[in-house]
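Data block below; observations after.
The values are calculated or read from the model by the stated rules, or taken from the named source; none is laboratory data. Only a predicted model underlies this, so the values are computations on that prediction, with no experimental measurement involved. Methodologically, a virtual Cβ is constructed for each residue, glycine included, from the backbone with ideal geometry; neighbour enumeration extends over all protein chains shown. Just the protein is used for accessible areas: all its heavy atoms, side chains included, with ligands, DNA and RNA removed. Shrake-Rupley method; radii C 1.70, N 1.55, O 1.52, S 1.80 Å.
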2 protein chains.
Amino acid sequence: MVAPAQVLTADPRGGAYYLTDIHESTPEVVANACRLAATAAPEFEAVGREGRARFLRGIADELEAEREVIVASALRETGLPDARLHGELTRTTFQMRFFADVIEEGSYLEATIDHAGDTPMGPGPDLRRMLVAIGPVAVFGASNFPMAFSVPGGDTASALAAGSPVVVKDHESHPLTSALCLAAMERAAAATGMPAGVVGAVYGRAAGAVLVADPRIKAVGFTGSLGGGEALMTLIAQRDEPIPFYGELASVNPVIVTPAAAAARGDAIAAGLHTSITASAGQLCTKPGLVFVPSDAAGDVLVDTLRRLLADTDAAVVLNERIFNSYNDTRDTTAKLDVVGRRTEGREPSQPGWRVRAAVVEVDAAALHGPIAQECFGPFAVVVGYTDDDELDEALDALEASLTATIHAEPEETARVSALSTRLRPKAGRLIYNGYPTGLLVSWAQSHGGPWPSTNSIHTSVGATAIRRFLRPVTWQDAPESVLPIELRDGSTSVVRRVDGQLTIPPID
Amino acid sequence: MVAPAQVLTADPRGGAYYLTDIHESTPEVVANACRLAATAAPEFEAVGREGRARFLRGIADELEAEREVIVASALRETGLPDARLHGELTRTTFQMRFFADVIEEGSYLEATIDHAGDTPMGPGPDLRRMLVAIGPVAVFGASNFPMAFSVPGGDTASALAAGSPVVVKDHESHPLTSALCLAAMERAAAATGMPAGVVGAVYGRAAGAVLVADPRIKAVGFTGSLGGGEALMTLIAQRDEPIPFYGELASVNPVIVTPAAAAARGDAIAAGLHTSITASAGQLCTKPGLVFVPSDAAGDVLVDTLRRLLADTDAAVVLNERIFNSYNDTRDTTAKLDVVGRRTEGREPSQPGWRVRAAVVEVDAAALHGPIAQECFGPFAVVVGYTDDDELDEALDALEASLTATIHAEPEETARVSALSTRLRPKAGRLIYNGYPTGLLVSWAQSHGGPWPSTNSIHTSVGATAIRRFLRPVTWQDAPESVLPIELRDGSTSVVRRVDGQLTIPPID
């Protein structure tokens, strides 16, 4: 057995690494976490929706109790602002409690009963269908959300809600924060009577590769780069048993400003865009990367305001050295492209650390192809000037799909907004009107997903229905009542069910 | 451009090929079908649920009107019995009408509205979510169901219901039947005002490869062999854009008979098994391939009855030469395995054609591994003798997953049936009690799917929710009413919706 290596962690504000007492997980450690998760699976399912809801709320309480310690750790490891991290912890606990509500409500089970009876094909059996947990899930923590998309994040919350144990592969950017979150979750598991191994975590890139190859893992949730996602897809394709991979990958998040909107409120749009581009140092998967602005007087005013705000923006700390280098490389490469017109940069760093200058470059719609139309992770956006609707439409049709697409228009532009919506819908999972794509509410109606390359999934990774990714259907045919899940037994009124084609809603208490 | 080759079709009853006036689809023909499908997509969605329901019912009517011609063609091309083919056409039209009902009812849209309001994370926007069509779908027709899993089959019906145009790759076993079905569907499309290209078909293996590689295709439905499915998965992995592949592949469909059930009704179970093993010459994906019988006096009686019935079974026509050869090879190879005990065969063919002898071989549970535990497509089953519950459980744990698992037990065996159900659930998508796995009702509660290698999907390919495979979620944020789908507008009562977390059911007319 190889001795586990100590993990280096980093202080992005100082731009330096230091040794921690966290260690890389050996293959034996990964296998053990998977074994424990697989052993926990039937018992975890047996605790039922009530038990799992108690667990999820217990996690929220434990994270809340450790708020100051966890946020302080995240602050040190990520360089993200204090208020943002407090907000993220609030969002993380809200998400845990939200999924507790979702499973208590129970519609997600899709409980369905068809009684035996005659059909045009002859006598039909009694069929009862419900979704059940898929089994242990591997979750890859993201660099940019040390809580909400990491150990206690949305993939974990939705998998646990579904009844699937979770093994997280921690992100290297925040190992100590991950360990604190895992400890809080383990305390909640113990306090609410969950089986050992229902949550676990492993550290290190090599450990991640071992994790997705483990035959006990039945699905993978991932939020990260397109390259990272494709590497995992290749590993998964080598398994004997292919399993679902839910990747949330690359997204340019186009924002379209109509001439009327630019004329009516160009300054306000510029200010909103500036906030959305630079929030969290642009390290958000919904950051607006392409802004389509009319090449007219009002458009010019909008762009000038945006440039002025951006030029006055302090250099921002990014999460790690890799992002620091790749952001600077991309920004510098882009500046040299023939198609780029003006280029505007934020303030130079005045302090040490992995600090980057925000930037906006300008191109004409006709020149929008190749690397300039791809995601650049960080506080960077491309302003795309367009001369008329046709030119804009052509540029939009050529875009890759994104998580979001945003339209700024005036109320009287009904037909144009409809046409733009139709055009953009195949390119995005969320369409935003007169707002900004950053900021993603966890709720029943949320979708965080979109066609390739933004994701590879027909499911969302945020919101109530994210749970569907970790479930599969089972039908019981002519089953004795004693083997049926409670929700499928005659007379049960605990959840919404479809009985002989008719939806029936439980009586209100 | 290469001249298209004429297609050979076969008469399984005579075991010979003859030339038809069908031709292999050239790459140009495939590209054209995909282009038409992509062009049809927005218009097909715009006809709405009512329009698509009318189309699906129109297809059912057109197929019914051509019943005699279609069944006669299928009879000639497949060698399947007349009654079975009439039943299959009835099932196919029922399925079309069923999906019309499903989309009219509208729950499948998952329409969800969260009004703007305060949240713990600050003010939340107005979010409205619905599932929308994924885009053109490629459907691979199956050899063993020339209608119900081919051109007008379940994949096609559910994709059309979802609003996705379909390009079918016809199965080589029944090109003329496929052409007749396509013509009926095209007449229905014209009669109900659907856009050109909403259904299309291509012929030939090479055409199938071109089809799944076409960038306009957004999902693939497949029912066939594990090898065929894996070949398509490899092609799909080479696309720039990965797309969902829904494969229904290999399944051994274990049947467990408890000692008490064998004692109480061994003869009846043997008769039921015999029918299920030999129906449609065993060419059903739910054919019981492994039958676990107690090694005791009652079990011996059951097996003797099954052997007697089987020995008295006429040779049956199989679909094509490939199945004829591979069935005979597998049967002969199996007979030579050391682990095999007795072997029982049905009658020898007394007529020409691709006729095969049914067969049952016997093994001990302890010896059940390797090829003997894999699917053999045709009228073949392995009887597995077990001495006690522990030996049975161990053998079940070692099995690959299937579409179905069946338990025959007596009413008083409550605890044992529960334990068996828990053990089998991770191994199957449908659990059947005191029945037989063949026969698959199209209904709300049906599931036709299971863990790998039976499928690679967390969705069913049969029943109401099969439609979910061809949909993806979209959320509209703060959208003006005019761009929203009708189902998401304020005051709409056409479908079930979740509004601010509460399910609301439309008023009954």
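Tabulated values for the structure
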item	result
Qualifying position, being outside any loop (DSSP other than H, G, I, E, B), surrounded by 20 or more Cβ atoms within 10 Å (Cβ to Cβ) and not basic (Lys, Arg), among B:475, B:422	B:475
Residues (touching a Cys at 6+ places or on another chain (Cβ under 9 Å) and open to solvent by 10 Å² or more (accessible area, probe 1.4 Å)) located in region B:162-196	none
Lone unmet requirement of (1) of a type in the set (Gly, Ala, Ser); (2) over 19 Å from residue B:145 (Cα atoms); (3) open to solvent by less than 30 Å² (accessible area, probe 1.4 Å); (4) out of contact with any helix residue (DSSP H, G or I) (no Cβ under 8 Å at 6 or more places or on another chain) for residue B:251	(2)
Matching residues, region B:451-466, being touching a strand residue (DSSP E or B) at 6+ places or on another chain (Cβ under 6 Å), in a loop (DSSP other than H, G, I, E, B) and more than 8 Å from chain A (Cβ to nearest Cβ)	B:454, B:457, B:461
Candidate set: region B:96-113, residues that are within 14 Å of residue B:489 (Cβ to Cβ) and in contact with a Lys or Arg (Cβ under 7 Å, 6 or more places away or on another chain); chosen: the one surrounded by the most Cβ atoms within 10 Å (Cβ to Cβ)	B:112
First in region B:237-258 and within 30 Å of residue A:232 (Cβ to Cβ), second anywhere and in a loop (DSSP other than H, G, I, E, B) and of a type in the set (D, E, K, R), Cβ under 7 Å, 6 or more apart	B:243/B:218; B:250/B:375; B:251/B:375
Residue check for residue B:454: open to solvent by less than 20 Å² (accessible area, probe 1.4 Å) and touching an Asp or Glu at 6+ places or on another chain (Cβ under 8 Å)	yes
Restricting region A:418-429 to residues that are in contact (Cβ under 8 Å) with a residue 40 or more places away in the chain and touching an Asp or Glu at 6+ places or on another chain (Cβ under 9 Å), the residue that is nearest to the other protein chains (Cβ to nearest Cβ)	A:420
Strands (runs of 3 or more DSSP E) (entirely within region A:109-166) containing at least 1 residues that are more than 9 Å from every other protein chain (Cβ to nearest Cβ) and under 20 Å from the mean Cα position of the chain (by Cα)	A:137-140
Number of positions in region A:317-354 that are open to solvent by 30 Å² or more (accessible area, probe 1.4 Å) and not in a helix (DSSP H, G or I)	14
Region B:364-376: number of residues that are under 19 Å from residue B:329 (Cα atoms) and either in contact with a Gly (Cβ under 7 Å, 6 or more places away or on another chain) or open to solvent by less than 60 Å² (accessible area, probe 1.4 Å) (or both)	5
Matching residues in region B:320-339 - criterion: being at pLDDT 95 or above and closer than 27 Å to residue B:428 by Cα	B:323, B:326, B:327
Filter result (crowded, with 22+ Cβ neighbours inside 10 Å and away from chain B (no Cβ under 11 Å)) within region A:81-95	A:85
First in region B:430-441 and within 7 Å of chain A (Cβ to nearest Cβ), second anywhere and in a loop (DSSP other than H, G, I, E, B) and among the small types (Gly, Ala, Ser), Cβ under 6 Å, 6 or more apart	B:430/B:447; B:433/A:479
Any pair with Cβ under 7 angstrom, 6 or more apart, that starts in region A:467-485 at a residue that is closer than 20 Å to residue B:468 by Cα and ends at one that is among the polar types (S, T, N, Q) and not in a loop (DSSP other than H, G, I, E, B)	A:467/A:158; A:469/A:158; A:470/A:158; A:473/B:465
Conditions (1) surrounded by 24 or more Cβ atoms within 10 Å (Cβ to Cβ); (2) closer than 30 Å to residue B:490 by Cα; number of the one not met by residue B:153	(2)
Cβ-Cβ under 6 Å pairs, at least 6 apart or on other chains, region B:38-62 side on the phi < 0 side of the Ramachandran plot and open to solvent by less than 10 Å² (accessible area, probe 1.4 Å), far side part of a helix (DSSP H, G or I) and charged (D, E, K, R)	B:53/B:104; B:60/B:97
Test set (1) touching a residue at least 24 places away in the same chain (Cβ under 8 Å); (2) touching a Gly at 6+ places or on another chain (Cβ under 7 Å) - residue A:447 fails condition number	(1)
Of the criteria (1) at pLDDT below 95; (2) open to solvent by 20 Å² or more (accessible area, probe 1.4 Å), which one residue A:398 fails	(1)
Matching residues in region B:478-505 - criterion: being outside any helix (DSSP H, G or I), more than 7 Å from every other protein chain (Cβ to nearest Cβ) and either among the hydroxyl-bearing types (Ser, Thr, Tyr) or under 32 Å from the mean Cα position of the chain (by Cα) (or both)	B:485, B:492, B:493, B:494, B:495, B:497, B:504
In region B:402-414, the residues that are more than 9 Å from chain A (Cβ to nearest Cβ) and of a type outside the set (Ser, Thr, Tyr)	B:403, B:405, B:408, B:410, B:412, B:413
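Residues are listed down the side, and each one gets a yes or a no for (1) closer than 23 Å to residue B:272 by Cα; (2) at pLDDT below 95; (3) in contact with a Lys or Arg (Cβ under 8 Å, 6 or more places away or on another chain):
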| residue | (1), (2), (3) |
| --- | --- |
| B:426 | no, no, no |
| B:435 | yes, no, no |
| B:447 | yes, no, yes |
| B:453 | no, no, no |
| B:463 | no, no, yes |
| B:470 | no, no, no |
| B:477 | no, no, yes |
